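Have a look at the structure below before the remarks.
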């Protein structure tokens, strides 16, 4: 008998060892494949990066474009109305904006001077896409059902001053004629105008420094009537022209 014991070589054990060997050696091959694939697409890295950066830049610019470039004092928040030029103006007394408080002819003429300050269309404009802006609800007038109507504030303010001036004239004439019947709705309109103009003045806050009045009534009295000082103002003629270009109707006394 042979001193050596021989065992039969099993096919299963060889197969398992071969499988393990292949698995161990396939992992480096897999990494090598990924590495080669990465090298192939390496040239795309910078173009893709630049495209992403460009997309971000476009998004930021579109957001900034929707915002006003700079908020001008007294300007419109949504940039629906342009900024207007600034000018220096000296206030002077202009007697035509006050009547003699005595005759109908003078009162009517004064009213006309006030109306001349208003644009055609009365300062009302149409904003069809109002919902995409920071705005209150629009006004709806039955004669213009398809219009989303807004009022430019400065013309509302002028309207209120014109109303107060006219109301004082009517009140003075009633007193002169000993007529003490009052129109309660007009009183309510006055109250609205005083409150509205108070808000407008506090909003704009004109800080021009005013000095001694040169009017005769202040000759021996320290006081100011607001004339003579240089104010920094927005160009009203430009505002007027723009509003007329956007008007819904032609009449000055509209709606």
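Read-outs throughout are calculated quantities, based only on the coordinates presented, and are distinct from any laboratory measurement. Worth saying up front: this structure is predicted, and the values here are computed from it rather than measured. All Cβ positions, glycine included, derive from the backbone under ideal geometry; neighbour counts span all protein chains shown.
Subtracting the Cα-Cα distance from 0.36 nm times the residue separation, let me have the gained length for residue 218 to residue 248 in nm, one decimal. Roughly 6.2 nm would be gained on extension.
Order these peptides, 120-132, 101-113, by their mean beta-carbon neighbour count within 10 angstrom, highest first.
Highest mean packing first, the order is 120-132, 101-113.
So the label point goes 7 Å from the Cα of residue 230 along Cα→C-beta, right? Which residues of the stretch 73-109 then have their backbone N under 16 Å from it? From the stretch 73-109, the list is 86-92.
Per residue, the average separation of C-alpha pairs within less than 8 Å and at least 6 apart gives the stretch 86-245 a relative contact order of 35 percent. Once both labels are positioned 7 Å from their Cα atoms along Cα-to-Cβ, the gap between residue 209 and residue 133 label points is 3.8 nm.
Sorted on the mean count of surrounding Cβ atoms within 10 Å across their residues, most packed first, peptides 89-96, 163-170 read 163-170, 89-96.
Stretching residue 175 away from residue 241 to a fully extended chain increases their span by 19.8 nm, per 0.36 nm per residue minus the current alpha-carbon distance.
Over the stretch 188-255, what is the mean sequence separation of C-alpha contacts under 8 Å (at least six apart), divided by residue count, expressed as relative contact order in percent?
The value is 22 percent.
Computed from the Cβ-Cβ distance with R0 of 35 Å, the FRET efficiency linking residue 56 to residue 146 stands at 0.30.
With both labels modelled 7 Å from their Cα along Cα-to-Cβ, the residue 104 to residue 120 distance reads 3.1 nm.
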